[in-house]
Amino acid sequence: METVPNPESVAKEADACKKEEKAPVIETAYQKRLEEEKVRHEHEQQMEVELFGQSHDHDIQEKHGLSSMLEHKWHAGIIHLGISSSECTSAEAEISEQEIISRQRAESKTL
């Protein structure tokens, strides 16, 4: 005589089979989404680096422009005040030295 299976156990077994069938599909979708998020994150990071670089380059250009303006203003002040040429030469040497140091620092930061 054959026993009739319990309807609850049959339903549980059917659910377990469905879950086993869905598991690889869910895992594949999860891995695909994980890869997409990784690519998106890398793209966002690259965009941040580019924006920072552009901002940094602009800041350096502005600094050089202001430095040049200051130097011209300084020279105009020397001419206006009639400072002697020896004082002017020593002051120019000091400014040149400071410019070299600031440019070297800027270049080392960009590397």
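What follows draws every value from the coordinates through simple rules; no lab data is involved. Since this is a predicted model, take the numbers as computed values, not measurements. Note that we place each Cβ from the backbone using ideal geometry, even for glycine, and neighbour counts take in every protein chain shown.
Quick one: length gained pulling residue 45 to residue 102 fully straight, 0.36 nm per residue minus the C-alpha distance? Can you show the working numbers first?
Working: separation 57, 0.36 × 57 = 20.52 nm, distance 2.92 nm.
Residue separation times 0.36 nm, minus the Cα-Cα distance, leaves 17.6 nm.
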Lys and Arg at +1, Asp and Glu at -1: neighbours of residue 57 with Cβ under 14 Å from its Cβ sum to -2
